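The values are calculated or read from the model by the stated rules, or taken from the named source; none is laboratory data. Owing to the predicted nature of the structure, the values given are computational and were not obtained by experimental measurement. Cβ: placed from backbone, ideal geometry, glycine included. Neighbour counts: every protein chain shown. When the accessible area is computed, the model is the full protein with side chains, heavy atoms only, and any ligands, DNA or RNA have been set aside. Shrake-Rupley method; radii C 1.70, N 1.55, O 1.52, S 1.80 Å.
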Amino acid sequence: MRPYKASKYSDEILLDLVNSCDDRAAFTEIYHRYWQVLLDAAYQRLKSREASEEIVQEIFVNFFLRRHEVEVKSNLEAWLKTALKYKVYNVYRSQLLHQKHLEGIIRETHSSPLPPDEAMSVKELRARILSVTDSLPDKCREVFILSRIEHLSQQEIAIRLDISVNTVKKHITKALRILKAEFKENHFDVLLLILFFNVFK
């Protein structure tokens, strides 16, 4: 591999060096050139830095493994962003399937009574959720109930409470962080199921 300053090269030249010469310096330059761009785009959609870093890493790994097959018909940045779009779509699809699975469990629970010992556990968990929720700061508790119990959108909550959407997001994040810490010994899916039961009624 011959030495050169990769930053002086266009995307097209870098891509050709990677495809035809297995030039690792060229690949490294592409990686550094677009890592943050893709990470920011992924984070805007997923709101999770860990998940965003994971899918961006997957994109570059797949790109390198398939470097001799990759055909960039427009430009490299557009190709990478398209790859990101499909990765994000797969994450959304996975979350949707998970949501449907939870809803199926809820329907089964409603259609068949729980055994006495499980019913008691659910009752105790509801009581704990009520207790923890009651201990939240006033505005945080109000936002959380409107979001997770009344199922209002963040925009609807912002309008109703006359606060910014960003403030709504911060209150929801804070409430969930407190609940996760309180119920760390429980699988968080159980907590979600209990919330679906409208424990405040």
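Every condition in (1) within 15 Å of Lys87 (Cβ to Cβ); (2) buried (at least 16 other Cβ atoms within 10 Å of the Cβ) is met by Arg33 except one, and the failing one is (1).
This table checks each residue for (1) aliphatic (A, V, I, L, M); (2) modelled with pLDDT of 75 or more; (3) assigned to a helix (DSSP H, G or I).
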site	(1), (2), (3)
Gly104	no, no, yes
Arg126	no, no, yes
Thr167	no, yes, yes
Asn186	no, no, no
Phe200	no, no, no
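Looking only at segment 7-30, filter to residues that are aliphatic (A, V, I, L, M) and closer than 19 Å to Thr82 by Cβ; which one of those is most open to solvent (accessible area, probe 1.4 Å)? Among them, the one singled out is Leu15. Take the residues of segment 171-184 that are loosely packed, with under 14 Cβ neighbours inside 10 Å and assigned to a helix (DSSP H, G or I): which is modelled with the highest pLDDT? Looking at the filtered set, the residue picked out is Thr173.
Within segment 47-61, not a single residue is under 19 Å from Asp16 (Cβ atoms), open to solvent by 60 Å² or more (accessible area, probe 1.4 Å) and over 17 Å from the mean Cα position of the chain (by Cα).
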